[in-house]
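Trainee: A single structure is presented below for examination.
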Amino acid sequence: MLLKRIKNEPMPPARWGLGRFGIYINGFGFLYCAFVIVWSCFPATLPIDLSTANWSPLVWVATIIFTIGYYYAYGKANYTAPVEFVEGHRAAGVALQHS
């Protein structure tokens, strides 16, 4: 959304909007997320050993690897994008997802 606001591109239709403060709210959200992601990867104490290590970067990378593997093994063939259910954009023969 921030990139669309910076490029002054039209926004998708919505029931409500952030108005003229939207770019500032989106910019703050982006910077805050970047700050939190960087600082959450540092250990809480020094020196670092197995009991004091911050394992969140390892868990994050493992989750990304698992998600990519799951997508290629199952999701790529069975995923229906949400836009397929929007009135006027529905492709012929598209039904609800099944598990």
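The values are calculated or read from the model by the stated rules, or taken from the named source; none is laboratory data. It should be emphasised that the depicted structure is a prediction, and the values quoted were computed from it without experimental measurement. Virtual Cβ from ideal backbone geometry, glycine too; neighbours counted across all protein chains shown.
Trainee: Right, residue 42: touching a residue at least 12 places away in the same chain (Cβ under 8 Å), of a type in the set (Phe, Trp, Tyr), on the phi < 0 side of the Ramachandran plot and assigned to a loop (DSSP other than H, G, I, E, B) or not?
Mentor: So residue 42 passes the test.
Trainee: It is to be established whether one or more residues within region 6-13 are touching a helix residue (DSSP H, G or I) at 6+ places or on another chain (Cβ under 9 Å), at pLDDT below 90 and in a helix (DSSP H, G or I).
Mentor: yes
Trainee: Could you grab me the full set of residues in region 14-25 that are surrounded by 11 or more Cβ atoms within 10 Å (Cβ to Cβ) and either outside any loop (DSSP other than H, G, I, E, B) or polar (S, T, N, Q) (or both)?
Mentor: Of everything in region 14-25, those that are surrounded by 11 or more Cβ atoms within 10 Å (Cβ to Cβ) and either outside any loop (DSSP other than H, G, I, E, B) or polar (S, T, N, Q) (or both) turn out to be 22, 23, 24, 25.
Trainee: Pairs under 7 Å by beta carbon, first residue surrounded by 10 or more Cβ atoms within 10 Å (Cβ to Cβ) in region 54-72, partner part of a helix (DSSP H, G or I), six or more apart or different chains?
Mentor: Nothing qualifies.
Trainee: Something else: With respect to residue 28, determine if the residue is among the aromatic types (Phe, Trp, Tyr), at pLDDT 85 or above and surrounded by fewer than 11 Cβ atoms within 10 Å (Cβ to Cβ).
Mentor: Taking the combined requirement at face value, the residue does not satisfy it.
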